[in-house]
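So that we are looking at the same thing, I have put the structure below in structure tokens.
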Amino acid sequence: MAWDRIALSLIPVPVFYLIYYRYFTFRPEIGKHVESLLYGIAFALALVVVAPIVYPVLAPQDDFFVGFFSAALIEKTGAFIIIYLIQRHFPNFSIMEATLSAMIYGIGFSVVENIFYAATYGDSLIILRIVFTVPLHLTTCGIMGYYSGMRRICSTGMYKFVFSLKAFLLPVMLHGIFDSFLIMGGALSFSVSPLLIVMVLFLEFYLAKAQTIIPMKMLGAFNLRLEEWLTINRQRRYERWILQSMGMPGTEDVSMLVWRPGYIRIFLVFLFMIAAIFGLSYRGEIMDMLQITMRREEEIILLGIFPSSISIIMILVGAVNPNFFKKSEIKMPVISDVDVRREHEMDEVFITYDITSVNCFLRTAEPMEAGTVLNMTFEFPGSTSREVQGVVAWENHTNRQEAIGTIVRIEAPTLHYRFFIVRYNLFRFRKGIIFLLRLPGFEHTRKLFMRPISTMQEDRLFEAGSIVFKEGDRGDHFYLLKKGKVILYKTKDTGEIITMDTADAGEVFGEMSIISNTVRATTAKCVTDCIIAVAGRDNMKALIINNVEFAQRLIQSLIERLENSEQVLVRNINMLEKEKREVERYYHVAILLTLIGLGIRPTQDNFNLDIDFTKIAEVVRHMDDEVAGEIINLVLKRDKSAGADQNVMNEEVSKIVDNLYDRFRINIKK
């Protein structure tokens with residue numbers, strides 16, 4: 001046995017362990033890591049024993065099928081079973097630990113496989129297997145561990161089946177393609193390095209996502225299923241997605257890739273890059289010095305592609321930003337209406353961004369109580385579900401750091417409902433592609449996620465009698481009434497209230513002052529206890545720009561309110577005219593009674609009075625002639641003169657009248 005070749009075959013193990021070392025220190029379960037390493041070694045030894053017996057019998061001679069069957073299918077089937085056993089009894093289980101323990105299993109398997117190839121086969125194959133076996137098994141087993149962990153944590157049969165399928169098929173496919181290309185050789189062998197980089201990138205995505213998923217014990221503490229936690233976690237990302245698509249400030253993109261290397265890693269990246277350049281430049285001399293005979297493509301892979309791949313892998317490891325999966329969402333949200341029926345309650349309509357086969361998230365404004373049974377009908381453009389029953393599993397209406405709303409667990413979903421979910425997901429996928437790629441008609445897709453309720457910034461509770469805003473206030477916000485009733489009124493100088501409009505649940509109010517950029521024209525008062533969503537001027541602008549239907553409804557609403565205001569104004573003018581005429585009649589009768597009381601008797605239904613205007617002139621002699629004339633007209637009951645500035649004249653006359661009223665008192669002797 002060539003011990004130098006065995007020693008050489010083990011070099012990639014510590015190299016790749018150190019590359020991924022930053023993850024192995026993430027809340028490590030050392031006992032499980034050791035167990036996983038030993039499981040990998042044990043299964044590889046078992047394959048070494050049975051391989052000479054099994055492979056010649058079962059494996060055909062076709063190189064492509066050999067890569068899939070002899071290598072990928074058998075090795076990954078064993079890995080799938082063993083990783084399942086490792087995760088079955090796991091203290092402090094988390095998706096991150098599930099992924100890391102599977103990666104260490106892959107390292108253990110690679111140790112034995114490299115030693116086996118070093119002891120059995122020729123130099124050419126040994127070297128290629130040595131450099132690629134460790135990253136191949138580490139990445140494919142890591143991906144398998146991630147999905148196996150998701151299967152372990154989730155609760156519903158459908159999700160368990162889907163995650164199990166992904167855990168098995170994706171690693172088998174990647175491993176099979178990799179080995180097939182390597183075995184067939186030729187130009188295809190150049191593809192193994194890019195494929196390896198793709199697998200590393202896949203693993204990085206899963207490692208970053210795993211860091212955002214809470215451990216199994218915390219799910220139990222919150223009394224949540226993984227499926228429900230995933231749905232809750234998506235809601236904040238949907239809200240951010242919508243605000244970001246509106247161009248709202250404070251919702252800038254979160255970068256998916258963030259590379260923050262240390263000096264040592266930068267040095268190693270450049271070192272391997274230089275090694276690749278040097279190896280390709282002096283390929284012949286190096287092979288002669290090593291006294292190894294290899295095919296041309298194998299020399300290029302070993303001396304050029306492999307070291308450059310290591311450089312790229314060192315760049316990629318840790319470069320995927322976990323915050324991207326916390327704050328960003330790739331899938332486009334689609335607002336769907338949910339008609340909810342509860343026993344002994346009136347039907348209500350809510351909205352949701354998220355419908356799955358096992359749950360949905362309702363945008364509720366107040367608690368429903370856990371365990372409440374709901375009968376729901378879902379509707380999105382072009383499709384409506386049959387009624388399906390659900391139970392309230394979780395809700396939040398106080399913690400503003402979490403999604404506000406209610407998780408409803410679907411009880412016994414029917415086949416029709418499952419087909420509805422398929423149509424729903426296909427619809428979202430199709431519309432999302434149109435919107436993200438800006439294909440023709442993408443502007444019309446905005447209305448699928450942009451409604452007034454989706455642009456609101458916060459919910460506020462108002463008790464009956466509370467004032468939302470006052471007449472004359474600056475208008476910086478508009479409001480969506482989620483529950484209750486609000487009146488909009490003006491207050492006269494006398495203190496009398498004139499109701500201008502009312503707002504019921506589901507209606508927007510307070511938007512006119514934003515559009516006209518003026519102060520509030522009315523006061524808004526809550527008639528009942530209300531839940532009101534609030535948003536700012538920028539949100540209104542974004543709604544008008546991005547939702548044509550909302551803009552049309554807004555214009556129609558403004559027209560209706562103007563017409564209503566005009567009708568209210570006309571009614572009040574008529575009322576004022578009527579009051580004026582009544583006041584004149586009362587004063588007329590009062591003067592008549594006063595004259596009769598003074599002993600003056602009417603003749604033929606008339607009072608003929610001999611008035612000495614010189615005495616009146618003495619009282620008003622200090623006034624302007626034109627003003628004095630107006631005062632005398634009060635006695636003669638003539639029409640007011642049409643002076644050049646009648647408003648100024650009326651003000652002067654009013655001042656004189658007030659002065660005379662305050663100066664002279666009429667005392668009536670009884």
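Among the numbered conditions (1) of a type in the set (A, V, I, L, M, F, W, C); (2) at positive phi; (3) part of a helix (DSSP H, G or I), tell me where V422 comes up short.
Among (1) of a type in the set (A, V, I, L, M, F, W, C); (2) at positive phi; (3) part of a helix (DSSP H, G or I), the lone unmet condition for V422 is (2).
Those residues that are closer than 26 Å to I242 by Cβ, outside any strand (DSSP E or B) and among the aliphatic types (A, V, I, L, M), I need them from the range 455-499; list them, please.
Here is the first cut: in the range 455-499, the residues closer than 26 Å to I242 by Cβ are 455-462, 468-469, 475-484, 486.
Next cut, outside any strand (DSSP E or B) only: 455-457, 475-476, 484.
Residue satisfying the conditions is M456 alone.
Sort out which residues of the range 298-327 are under 28 Å from the mean Cα position of the chain (by Cα) and within 18 Å of I277 (Cα to Cα), and write them in order of number.
Listed by number, the list is empty, since nothing qualifies.
Right, here's the next one. Only one of V392, V388 is hydrophobic (A, V, I, L, M, F, W, C) and out of contact with any helix residue (DSSP H, G or I) (no Cβ under 6 Å at 6 or more places or on another chain). Can you tell me which?
One residue alone meets the criteria, V392.
Only one of these conditions is not met by F550: (1) modelled with pLDDT of 75 or more; (2) part of a helix (DSSP H, G or I); (3) closer than 22 Å to M450 by Cβ. Which number is it?
All conditions pass for F550, except number (1).
If you don't mind, another one. Among the residues of the range 217-243, which ones are closer than 25 Å to D253 by Cβ and either outside any helix (DSSP H, G or I) or among the acidic types (D, E) (or both)?
If the condition is that a residue be closer than 25 Å to D253 by Cβ and either outside any helix (DSSP H, G or I) or among the acidic types (D, E) (or both), then E239 is the only one that fits.
Can you tell me which residue among Q235, Q291, Q244 is at pLDDT below 80 and closer than 22 Å to G405 by Cα?
Q244
A276 - would you say it is at pLDDT 85 or above and in contact with a strand residue (DSSP E or B) (Cβ under 6 Å, 6 or more places away or on another chain)?
no
Still on this structure, I have one more. When you look at K492, is it more than 35 Å from the chain's Cα centre (by Cα) and charged (D, E, K, R), yes or no?
Spelling it out, K492 is indeed more than 35 Å from the chain's Cα centre (by Cα) and charged (D, E, K, R).
Which of the residues spanning the range 405-420 are β-branched (V, I, T) and surrounded by 19 or more Cβ atoms within 10 Å (Cβ to Cβ)?
T406, I407, V408, I410 - these are the residues of the range 405-420 that are β-branched (V, I, T) and surrounded by 19 or more Cβ atoms within 10 Å (Cβ to Cβ).
Of the numbered conditions (1) polar (S, T, N, Q); (2) farther than 24 Å from L481 by Cβ; (3) surrounded by 13 or more Cβ atoms within 10 Å (Cβ to Cβ), Q401 satisfies every one except a single condition; which is it?
Every condition holds for Q401 apart from (3).
S309 versus (1) polar (S, T, N, Q); (2) buried (at least 20 other Cβ atoms within 10 Å of the Cβ); (3) closer than 30 Å to T414 by Cβ: which is the lone unmet condition?
Unmet for S309, out of (1) polar (S, T, N, Q); (2) buried (at least 20 other Cβ atoms within 10 Å of the Cβ); (3) closer than 30 Å to T414 by Cβ: (3).
The values are calculated or read from the model by the stated rules, or taken from the named source; none is laboratory data. In this text the structure is predicted, and so the values were computed from the model without any measurement. When we count neighbours, we look across all protein chains shown, and the Cβ atoms used for this are built from the backbone with ideal geometry, even at glycine.
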